[in-house]
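Beneath this line is the structure, given in structure tokens, with notes to follow.
The values are calculated or read from the model by the stated rules, or taken from the named source; none is laboratory data. Here the structure is a predicted model, which means the values were calculated and not measured. Quick reminder, even Gly has a Cβ in these numbers, built from the backbone with ideal geometry, and neighbours come from all protein chains shown.
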Amino acid sequence: MTTRRHAAGLLTIALGAGLLAGCTGDDGPDDPTPSASASGSASASGSPSSTASPSPTLQDRSAELLDGASGLEQIATTKARSGSTFRGATFTFYRLTRSDASTLLVWRVTGGPSSNTNDANVRFWERYPVLVTGGKEYSVVSFDKENDGWSALSNPLLPLKSGAEGPPQSALYPPLPAGTSTVTLKSPWFSSVKVPVTDAPTAGG
Amino acid sequence: MKTLAAAVVAAAALSLGAPAHADTAAPLPTVEGVPVLGQALIGNVTDDRLAVLTVHGVRRVEGATVLYYSLGLRPEDQSGGNAFFNSYGNGNNYVLNQGGATGLGCTAAAIDVSTSLAYSALRVDAAVPCIGTPVADLMAPAEELGKATVGWVLLAPVPQDISTVDVLVGSALVQSVPVEDGLLEPVSDEAAPAVGTGWPAVDTTRLSDVVRAKGAVFDLRSQVKDVKKKVTKATRKGGEEIDLDTSVLFATDKATLTSRARGVIAEAARQITAAGSSGSITVTGHTDSNASDAYNLDLSKRRAAAVARALEPRLPGGISIRSVGKGESEPIADNSTAAGRALNRRVTITLPK
């Protein structure tokens, strides 16, 4: 008999272990080549497609980058299903963007008093929301996880605190047809909800 | 040749009638001398502050692809103590990485849904099992919380014919990033420089230490189900498949086609024809994990053969059919739930690549 492993508990443990491991040292480049000059631009070495641009002064441009980042604007919200381990939680959706290659869903979950994330194990891709439009259901993209079955191309949902909004989650889907303006999200996690679709931003666009 | 995917997408678009115009998401910031190719906000499990993740480049070099990204706290979160970005991302151990690779920098990939492949961080046998920015450098000290630091990681080579990918890093996904050639310049002498002060040096000499390079390329599967026609179009391992729901095709434990099966198989034939397929297609039977291995293997073979027999006369000349059974050996979903078992009970038609 073939079964897939249940590992919600292991997920939590291993995530914690992973974070600890991520805080240890590193064996990155030992001998970076210092060659910064007084001025320069983002360009590619030896590249036919180098992005030659006017040479700006090299200076910390963090503020321009961070101040210009778009924030999270709520586009839809719905409540968790009582039969889900999320019961009592609220799902808030911030982005549903399509490109010709994929569709990206971004959401956050505010936990309820007895909510937990067991239903959101990435190993159970079939439990992830589906995008419903035009008589079709678009399922989350999954990946073949090294002899551990197909898992959702999404990040596990951690942490989940009562009354507090958790970190942004994202999941990748097949491309919606161009011009799609709204889809219905269906999921065993929450009550179905209509969500507007926008086109993904592009660099320089 | 028109692909099945293109045909299905076009059909889906037509089925919507005159589509309403979708708005475009907020534009990316323009920063002088700094390519900004995509952004996302990310959190973590220990710090309530959100960080801005920015993708600056997906660049081909000999034997690898370099992903350049930066991390910095959003303005409203620039208070408190040091921000250690290596701890950001909730789920870095679980998505598109090899054998327990950990941390933000090692869980990264260039994703091409259209070919169903993802090019993840190359693996090395070391304490930090990938080649990239030292994780301790990915931080903003308390006195510089407005600093966005640039990191990099070496991914598996993205093929030359792929021009745009989606990117995974820091547990976040960023769409529509162009793939370009060569390293970014000028190079800084900082391991993780502030954005705008030059780009980190990329150590490609360590490519000789890479192990299990093929394992860095992950197979993806995506599916779109036509609810009324009971036919699911899937892409997997770079190929196109049509999944037929066996609950419509067969009664429980039977391999005789039901009266409803005719319409489903006719629709499958229409899609195969529309895709312009030629050569050999494979019809594969799959079961859930109920019953014994041997029983399921036999049932899957008989069901595949039944579908192949019904499909053959509906296809244009030049297409041959091979039928095989896999039993319960290739589940696509969780066999412990009814929904998962239903997905595993399927007959898959694999089209020629």
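Some values worked out for this structure:
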{"item": "Residues located in the stretch B:28-57, provided they are among the small types (Gly, Ala, Ser), closer than 20 Å to A:Ala171 by Cα and touching a Ser or Thr at 6+ places or on another chain (Cβ under 8 Å)", "result": "B:Gly38, B:Ala40"}
{"item": "Residues located in the stretch B:163-177, provided they are more than 7 Å from chain A (Cβ to nearest Cβ) and in contact with a Leu (Cβ under 9 Å, 6 or more places away or on another chain)", "result": "B:Val167, B:Leu168, B:Val169, B:Gly170, B:Val174, B:Val177"}
{"item": "Residues satisfying the stated conditions in the stretch B:216-270, i.e. under 21 Å from B:Leu117 (Cα atoms) and aliphatic (A, V, I, L, M)", "result": "B:Ala216, B:Val217, B:Leu220, B:Val224, B:Ala234, B:Ile242"}
{"item": "Residues that are among the hydrophobic types (A, V, I, L, M, F, W, C) and closer than 16 Å to B:Asp166 by Cα, drawn from the stretch B:43-85", "result": "B:Leu53, B:Val55, B:Val58, B:Val66, B:Leu67"}
{"item": "Output for the stretch B:28-67, where each listed residue is among the hydrophobic types (A, V, I, L, M, F, W, C) and in a loop (DSSP other than H, G, I, E, B)", "result": "B:Leu28, B:Val36, B:Leu37, B:Val45, B:Leu50"}
{"item": "Those residues of the stretch B:265-301 which are within 28 Å of the chain's Cα centre (by Cα), among the β-branched types (Val, Ile, Thr) and within 17 Å of B:Leu351 (Cα to Cα), in sequence order", "result": "B:Ile272, B:Thr273, B:Ile281, B:Thr282, B:Val283, B:Thr284"}
{"item": "Answer from A:Pro201, A:Pro174, A:Pro167 - the residue that is under 20 Å from B:Gly38 (Cβ atoms), at pLDDT 95 or above and not aliphatic (A, V, I, L, M)", "result": "A:Pro174"}
{"item": "Residue selected from the stretch A:150-205 under the condition in contact (Cβ under 8 Å) with a residue 60 or more places away in the chain and of a type in the set (Phe, Trp, Tyr), by the criterion farthest from A:Ser115 (Cα to Cα)", "result": "A:Tyr173"}
{"item": "Some residue of the stretch B:302-309 being outside any loop (DSSP other than H, G, I, E, B), closer than 30 Å to A:Asn118 by Cβ and at pLDDT 95 or above", "result": "no"}
{"item": "Complete set of residues in the stretch A:113-153 that are out of contact with any strand residue (DSSP E or B) (no Cβ under 6 Å at 6 or more places or on another chain) and assigned to a loop (DSSP other than H, G, I, E, B)", "result": "A:Ser114, A:Ser115, A:Asn116, A:Thr117, A:Asn121, A:Phe124, A:Gly134, A:Gly135, A:Glu146, A:Asn147, A:Asp148, A:Gly149"}
{"item": "Yes/no for B:Thr205 being among the polar types (S, T, N, Q) and either out of contact with any helix residue (DSSP H, G or I) (no Cβ under 8 Å at 6 or more places or on another chain) or more than 10 Å from chain A (Cβ to nearest Cβ) (or both)", "result": "yes"}
{"item": "Failed condition for B:Gly38, given (1) under 25 Å from A:Glu165 (Cβ atoms); (2) at the interface with chain A (Cβ under 7 Å from one of its Cβ atoms); (3) under 24 Å from the mean Cα position of the chain (by Cα)", "result": "(2)"}
{"item": "Some residue of the stretch B:210-224 being within 14 Å of chain A (Cβ to nearest Cβ), loosely packed, with under 15 Cβ neighbours inside 10 Å and on the phi > 0 side of the Ramachandran plot", "result": "yes"}
